[in-house]
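Written out below as structure tokens is the structure these notes cover.
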Amino acid sequence: MKDALQELLPLIPLDRLKFLTSLPKQLLYYETIQEELPKDWLEKPTLIIIVDEEEWIKLNDKEVANQLIQDPNLIAVIIGLETEVPLQEDNVHLYRSCQLPIVQVADPSSLHIFEQKSKPVYSQISNELAGIMNEGFTAIATELAKGLETPFLYLDENNHLLWQTGTETELREANRWLNTHFRELEGMKESYEGQIHDGFELYPIHIAGVVSQGILASAKLVDWQKRMVDKLIGLMALLLQTEGMFRQQQQQLQEHFVYDLLYHKFESQKVMIKQAKAWDWNLEIPHHLLLVHVKVTDELMDNMDWLDEMVLFIEEKKSHMEERLIVLPFEDQIVVLLEDGQSCTISERNRHVRTVAEQIEKELSNQWPNCQFLIGIGKWYKNTTFLNKSYQEANQALKFGQAWFENRNIFHINDLGALRLLIHIHQEILLDYSEDYLSVLLESDRESGTELIHTLKVYIQHQGVINDVADALFIHPNTLRNRIKKIEEMTGINVQDPEEFMNLMVAVKILSFLNL
Amino acid sequence: MSSQLMFSINLSKCINCKTCEMSCNDYHGLSGIHRRNVVTYENDSLIPVHLSISCNHCLNPVCVSICPENNFLKRSDGVVIHNPSNCRACRRCVTACPFHAPKINPKTNRVDKCNLCIERLDEGLKPVCVENCVTNALGIIEVNRKERKSYDFGEVDVPIASYTNPSIFVIDKQIGLTFFREEEA
């Protein structure tokens with residue numbers, strides 16, 4: 001009789017293991033190894049190790065799947081291939097519900113450990129460390145959580161949740177447990193043994209003898225599973241010994257959180273607030289969201305750290321400001337969250353955020369005079385879980401604002417006025433509307449090279465002040481008057497009649513929106 | 001974190017068989033609506049072009065900002081999904097989406113849209129429409145988000161709104177060449 005399968009798995013580097021289905025808690029012993037999927041019933045407890053691509057494809061076959069799940073002598077299937085192994089969902093579901101363990105070992109050189117007379121195995125700790133650095137701790141923990149059927153909750157030194165993985169039900173249960181046993185966690189960190197609770201257990205991660213973080217996992221794990229978790233924790237602690245690595249890991253966790261904040265909706269505001277406290281952000285108070293877009297010069301582009309430098313610059317400036325700001329780099333833009341829990345009118349609130357935006361834009365422009373800084377501002381929501389909506393609105397304000405208000409740098413979503421309404425309307429209807437009013441002008445521009453649409457756009461942007469419009473178009477006022485007259489003749493609209501002119505204005509706005 | 005999954009659509013290969021539409025409906029048990037549609041239009045060269053389109057999982061999805069219940073979210077792989085549990089069928093997203101991706105499911109009377117078969121993606125499989133495309137016109141690619149931002153539809157002749165930054169990659173239709181044989185003497 002050979003060792004149990006689960007006893008052998010910890011000898012394989014964690015980053016090379018992929019759990020297609022979970023492993024049962026009880027130990028699985030096997031007597032023989034086979035490299036092909038069986039055509040008949042197996043006679044002895046057998047471990048199948050697939051090293052051939054054609055063989056694993058058979059796992060997608062319905063008939064093969066039906067035979068495998070019914071064979072009492074089949075212990076587990078190990079796929080010893082480095083490439084990704086996509087299995088059909090129906091079959092994976094079948095294998096999973098019939099508890100047939102399927103594990104991919106993406107390191108064919110490790111397969112010898114399953115042999116009856118295997119070569120001695122030595123610790124590969126340096127290789128494992130390299131693996132965990134390449135794959136990332138979160139990816140490996142997610143994979144292990146699947147194999148062991150436990151959630152993992154990563155807690156910082158103050159027991160605030162930084163990151164979590166597991167199925168939805170598991171995570172819900174774990175968070176509920178965490179809320180009720182929050183006070184007991186400190187004691188659990190002090191002594192590793194003897195503090196096992198009914199639901200979950202805390203595995204402490206002591207980093208360089210200074211910080212003590214931890215991972216919360218199910219308390220129902222058996223010995224071999226605990227050894228796997230322990231291995232993960234050990235590798236993690238080693239990885240975080242250096243301050244740089246520690247900071248990098250904190251940054252990664254922060255990036256996850258910021259992504260969730262801006263793109264996900266947090267189902268629970270409580271969880272979001274708690275998680276944000278890990279970085280000392282108070283999201284209990286409502287915030288404005290400002291999105292700074294930088295038009296970078298080629299010269300600055302050569303400097304890889306330009307965005308970080310700008311974020312640091314704002315961070316430095318904010319210490320002289322009364323307002324509380326959170327500044328983050330996000331997808332080549334800078335996100336600024338401005339705390340605003342005051343009770344005031346909408347116009348006061350908008351004025352306040354605009355003043356802060358102007359201040360940021362001014363400071364940045366002074367420091368980097370060759371760059372152009374554009375700021376989009378989303379709506380203010382009382383509930384901070386709506387910051388994802390505010391982020392999208394800031395994006396829209398930036399995009400539409402740039403197209404319409406050519407001379408401005410700061411655009412609030414409320415500045416867009418009728419343009420915001422246009423988003424709600426079918427594109428086809430908008431196109432029909434603008435063509436009803438502008439088709440003659442468009443045709444003239446296309447065929448004769450006149451610039452009537454552009455003239456009209458600038459005329460609207462400068463509220464019809466002839467001298468301003470002429471200056472913006474670099475033409476003589478009389479030329480402009482002639483063009484306006486021509487537009488009136490072609491469209492049959494009198495630009496001095498407010499009602500008629502409003503229709504023309506909306507049509508031009510729609511056109512610039514559709515051309516984005 | 002910085003990746004975006006995108007549908008890639010090769011206009012030369014699509015033969016308007018609608019297998020993608022049907023496989024999607026079959027897999028998700030839909031009736032009365034389609035999450036994916038093959039639309040046919042004529043471009044400048046007056047050759048009919050078939051474009052298979054569903055939710056484009058935009059970088060700046062308008063559905064996210066417009067939903068009063070905040071039911072839409074964008075996953076870390078870029079997939080935009082809708083949580084119907086709080087949906088009250090106000091239809092704002094239905095009218096706002098320039099691609100008509102969200103639709104009201106008559107069975108549930110809630111919004112329904114393509115979720116890029118996330119349950120299949122999580123298992124390492126392709127979305128069902130991609131899996132069943134007989135000509136491989138439909139594919140799925142993973143790109144860096146920064147690269148996606150710099151891509152627009154300027155190079156292809158597709159009538160598509162780009163203000164939401166739709167995450168689809170379109171390979172333009174190639175016009176076939178006809179070679180005439182020389183007449184034998």
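Every number in this text was worked out from the coordinates using simple rules, so none of it is lab data. None of these values were measured; they are calculated from a predicted model. Don't worry about glycine lacking a Cβ; one is built from the backbone with ideal geometry, like all the others, and counts go over all protein chains shown.
Charge dipole of segment B:3-171 (Cα centre as origin; +1 on each Lys and Arg Cβ, -1 on each Asp and Glu Cβ, all else neutral): 600 debye, rounded to the nearest 20. With a threshold of 32 Å on the Cα-Cα distance, the over-threshold entries among A:LYS58/B:LYS107; A:LYS265/A:LYS295; A:LYS18/A:LYS265; B:LYS18/B:LYS74; A:LYS277/B:LYS107; A:LYS317/A:LYS379 are A:LYS58/B:LYS107; A:LYS277/B:LYS107. Between the beta carbons of B:MET22 and A:SER365, assuming R0 = 51 Å, the FRET efficiency works out to 0.35 to the nearest 0.05.
Between the helical axis of B:19-28 and the longest alpha-carbon principal axis of chain B there is an angle of about 20 degrees. Taking the alpha-carbon centroid of each part, what is the distance from segment A:406-432 to segment A:263-336 in angstrom? The two parts, judged by their Cα centres, are 26 Å apart. In this simple spin-label model, placing a label point 7 Å from the Cα along the Cα-to-Cβ direction at both A:GLU451 and A:ILE425 gives a separation of 2.8 nm.
Within the same chain, aspartates and glutamates fewer than 8 places from A:LYS399 are excluded, and of the rest, those with a Cα less than 13 Å from its Cα are A:ASP415. Annotation: amide H-H contacts under 5 Å for B:ALA89 (H modelled 1.01 Å from N, sequence separation of 5 or more, or interchain): B:VAL111. Comparing B:LEU116, B:ILE47, B:MET22 along the charge dipole axis of chain B, the residue lying farthest to the positive side is B:LEU116, per the Cβ-charge model. Ordering B:CYS67, B:VAL38, B:ALA161 by Cα displacement along the dipole of segment B:3-171 toward the positive end leaves B:CYS67 in first place; charges were set at the Cβ atoms of Lys, Arg (+1) and Asp, Glu (-1). Summing Cβ point charges (Lys, Arg +1; Asp, Glu -1) relative to the Cα centre of segment A:434-491 gives a dipole of roughly 220 debye.
Take the Cα of A:CYS98, step 7 Å toward its Cβ, do the same at A:LYS25, and the gap between the two points is 2.4 nm.
Our summary gives segment B:3-171 a relative contact order of 36 percent, counting only alpha carbon pairs under 8 angstrom and 6 or more residues apart. Placing one equal scatterer on every Cα of chain B and applying the Debye formula, the log10 ratio I(q)/I(0) at q = 0.13 Å⁻¹ is -0.68. Spin-label pair A:ASP332-A:GLN34: with each label point 7 Å from Cα along the Cα-Cβ axis, the two points sit 5.5 nm from one another.
Here's the picture: a label point sits 7 Å out from the Cα of A:LEU129 along the beta-carbon direction, and within segment A:248-266 the residues with their amide nitrogen under 19 Å of it are A:248-250. Summary of the geometry: segment A:439-516 and segment B:64-123, compared by the centres of their Cα atoms, lie 40 Å apart. Have a look at B:THR108, B:THR164, B:THR95 and tell me which one the Gaussian network model of chain B (Cα, springs below 10 Å) gives the largest fluctuation. In the Gaussian network model the winner is B:THR108. Any idea what log10 I(q)/I(0) is at q = 0.05, 0.07, 0.08 Å⁻¹ for the protein assembly as shown, Debye with uniform C-alpha scatterers and no solvent? Evaluating at q = 0.05, 0.07, 0.08 Å⁻¹ gives log10 I(q)/I(0) of -0.32, -0.61, -0.78. Nearest-5 percent of antiparallel DSSP beta bridges in the protein assembly as shown? Within the protein assembly as shown, antiparallel bridges account for around 75 percent of the total. Rounded to the nearest 20 debye, the dipole magnitude of chain A is 1200 debye, with +1 charges on Lys and Arg beta carbons, -1 on Asp and Glu beta carbons, and the Cα centre as origin. Across segment A:498-515, computed HN-Hα scalar couplings (Karplus, 6.51 cos²θ - 1.76 cosθ + 1.60, θ = phi - 60°) run x, 5, 5, 5, 4, 4, 5, 5, 5, 4, 5, 4, 4, 4, 5, 5, 6, 7 Hz from first to last residue, x flagging Gly and Pro. What residues of segment B:32-72 lie in the reach of a label at B:SER12, counting those whose backbone N is under 18 Å from a point 7 Å from the Cα along Cα→Cβ? Correct set: B:43-52. Against chain A, whose longest principal axis comes from its Cα atoms, helix A:137-148 is set at around 50 degrees. Roughly what angle does helix A:306-318 make with the longest principal axis of chain A, taking Cα atoms, 0 to 90 degrees, to the nearest 10? Once rounded, one gets 70 degrees.
Each of A:LYS58, A:LYS399, A:LYS270 was scored by other Cβ atoms within 10 Å of its Cβ. Listed from fewest to most, they are A:LYS270, A:LYS58, A:LYS399. Here the contact order of chain A, divided by its residue count and restricted to Cα pairs under 8 Å and six or more residues apart, works out to 9 percent. Got a sec? Charge dipole of the protein assembly as shown, +1 on Cβ for Lys and Arg, -1 for Asp and Glu; which of A:PHE200, A:ASN175, A:CYS344 is way out at the positive end? Farthest along the dipole direction, towards plus: A:CYS344. Computing FRET efficiency as 1/(1 + (r/R0)^6) for B:GLU119 and A:PHE501, where r is the C-beta to C-beta distance and R0 is 56 Å, gives about 0.55.
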